[in-house]
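Heads up, the thing below is written out as structure tokens.
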Amino acid sequence: MKRLSPLWISPLLFSLPILVCLLLSQPVSNALAHYLLEQKLAEIELAMNERQQTLEKSIDDQMARFAFDCGEQDMTLLRDPWHYNRHIRLQGLKLASGKGCSSLGPDLPLIDASTLPDPEIDGFGLTATPPAFGTEQELVIFSKRGDQLAYWVLSNSWIRTIMEKPCSACFYIEFTPLVPGLARHKIFPRGEQAIKHEPGSESLSFTTPDNKMQQTLWSGLALRTYAQSLVYRGTFWVGGTLGALLLTGYWLLRNYRRSLKGLLHTGLARQEFVPFYQPVLDSRSQRVVGFEALLRWQRDDDVTAPGAFIAYAEQQGLILPMTEQLLDRVIADLPQLAPEQWVSVNLVAAHIEQPHLRNLLQHHDWPSPTRLTFELTEREPIMDIEAATSEISALQEKGYHFKLDDFGTGYGGFAYLQRLGIRQIKIDKMFVDTIGTDDPKRSLLDAIIAFGLESDMEMIAEGVETQAQVDYLAQQGVYLIQGYLYARPMPLPELLHWQQTRGGH
């Protein structure tokens, strides 16, 4: 399938998060509108509670100090800014004599004391200013002391100020008194009443702590439109930012991969992929019996381990020419090693699922079958087991031997040994590390060794780092040891020097 050009991928990556955000904008805007309604209700409820506490303190203080004679003391209380605050539009007294006074000075015929019901148990009642031409009525709190009456006309401007944010005409609220003094069907509306009847409008309610007032807050099209505008703005900011991040990441990754691929190609052209040899010793005689050739990328004095590039090389199909280059060097190095010492080269499944390795060895005129061996890792699966079996059989007929690396850690295990005809196994470091510990994998190590002995398998223990591990393996019948206890992987010149310092062992 033809790959998309980066010129097509770039705008797609940039626009994809924006498109996804746009697809989600409707449900997100609906959820945001509901959230804004909840927040507004919570704001109103908080304001109501604060308002109620302020009024209770003020009214209780006034009632305790009113002389009910409209004299100097009463007028001072009615006009005291602490009492005559933003919650009070007007307050006044009606005396038993029929006279009265208010915070404006003279008495105002706002309420008829004779028509008011008796206050509730707490001494306070609730009524409303008289209706007039369909205008909004104000709530009135009143309290009686004998035939004397005090009243407080509450201001509704606070609720309008609150409901104008974050958008105008987005909310509508209804106050429904729950006290005997006002009919239960009596409703005091504030805001755009049409919101209540809009399609898709929703409402939330709460009741004041004293259970005297139920408030129902409505929202409709205006709030949803406002929420949608916020979501649209956020869509282009968030989506654009994510798109820019995706686009930047794509180009950084592309440039990195292109640069890494270019470096690998350059390394192949410059013969930079070389073997580092790690010795395998017989712990009984301390003699070096062979080596594992480990791939290294050597650029001037910088040596890179395969973990930094091998996976990408396999993905890009470069592992085959790398192995070919490695094998060329190993074949050239063999004459400098002792005749009885072998060298083992690592393979990937592609080498034996197709005749790559066979063709490569044939190209070199079948070099050193008794000294050149190959290791298949169990960590990665062989997909075409039939082809692999055929290739290995053909190479074994030529005298080449195969080991199963990382035995017990991956996919094939015993099935690979049986089907591929492999007679040598390498015990992985993860099992060797369990020696002397309570690690549950310790029993797996013992089982692998028992299987190897029973099947007359040649076994090599990898990653050995302590003498205690060597001793335990020897007690179990495993004598071929590879690991840092004896030597690290080394380039050929260093290896030759190392062998000389050991006295030829």
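Just so you know, all these numbers are worked out from the coordinates, no wet-lab data involved. This is a predicted model, so every value here is computed, not measured. Don't worry about glycine lacking a Cβ; one is built from the backbone with ideal geometry, like all the others, and counts go over all protein chains shown.
So the values come out like this:
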quantity	calculated
Set LYS403/LYS441; LYS57/LYS94; LYS398/LYS426; LYS99/LYS144 screened for pairs whose C-alpha atoms are more than 19 Å apart	LYS403/LYS441; LYS57/LYS94; LYS398/LYS426
ALA394/TRP8 FRET efficiency (R0 56 Å; Cβ-Cβ; nearest 0.05)	0.75
FRET efficiency for ARG145 and ALA169, using Cβ-Cβ distance with R0 set to 45 Å, rounded to 0.05	0.55
Most to least packed among 422-430, 435-443 [average Cβ atoms within 10 Å]	422-430, 435-443
Estimated distance in nm for a label pair at ASP302 and GLN316, the labels positioned 7 Å out from Cα along Cα-to-Cβ	1.5 nm
Using alpha-carbon coordinates, inclination of helix 492-501 to the longest axis of the chain, degrees	70 degrees
Extended-chain gain in nm, criterion 0.36 nm per residue less alpha-carbon gap, GLU458 and ASP69	128.4 nm
For segment 427-440, Karplus couplings with θ = phi - 60° (6.51, -1.76, 1.60), whole Hz, Gly/Pro x	7, 5, 4, 4, 7, 4, 5, 7, 5, x, 10, 9, 4, x
Amide H contacts under 5 Å for LEU178, placed H, 5+ residues apart	MET213, GLN214
For GLY100, residues with placed amide H under 5 Å, excluding near neighbours	LEU95, ASP107
Residues in segment 33-60 reached by a label modelled at VAL238 [backbone nitrogen below 16 Å; 7 Å Cα→Cβ]	33-36
Residue-span extension gain [ASP80 to ALA468] - 0.36 nm each, minus C-alpha spacing	130.3 nm
Other-chain or far-sequence residues with amide H under 5 Å of THR377's (modelled H)	LEU347, ASP405
Assigned charges on the beta-carbon of Lys, Arg, Asp, Glu; the chain dipole about Cα centre (debye)	1400 debye
All aspartates and glutamates inside 19 Å of LYS261 as judged from Cα atoms, apart from same-chain residues fewer than 8 positions distant	GLU272, ASP300, ASP302, GLU314, GLU324
Of ASN30, LEU360, LEU327, farthest towards positive along the dipole that unit charges on Lys, Arg, Asp, Glu beta carbons give the chain	ASN30
CD proxy at 222 nm, helix term only [per DSSP H run n ≥ 4: -39500 (n - 2.57); per residue of the chain; nearest 500]	-14000 deg cm²/dmol
Anchor LYS165: aspartates and glutamates whose Cα lies under 16 Å away (excluding residues fewer than 8 positions away in-chain)	GLU38, GLU43, GLU45, GLU192
Estimated vicinal HN-Hα couplings, Hz - segment 343-359 in sequence order (Karplus 6.51, -1.76, 1.60; Gly, Pro = x)	10, 10, 10, 7, 10, 10, 4, 4, 5, 10, 6, 9, x, 5, 5, 4, 5
Of all DSSP beta bridges in the chain, antiparallel share, percent nearest 5	70 percent
In order through segment 326-341: 3J(HN,Hα) via Karplus (6.51 cos²θ - 1.76 cosθ + 1.60), integer Hz, x for Gly, Pro	4, 5, 4, 5, 4, 4, 5, 7, 3, x, 8, 9, 4, x, 7, 8
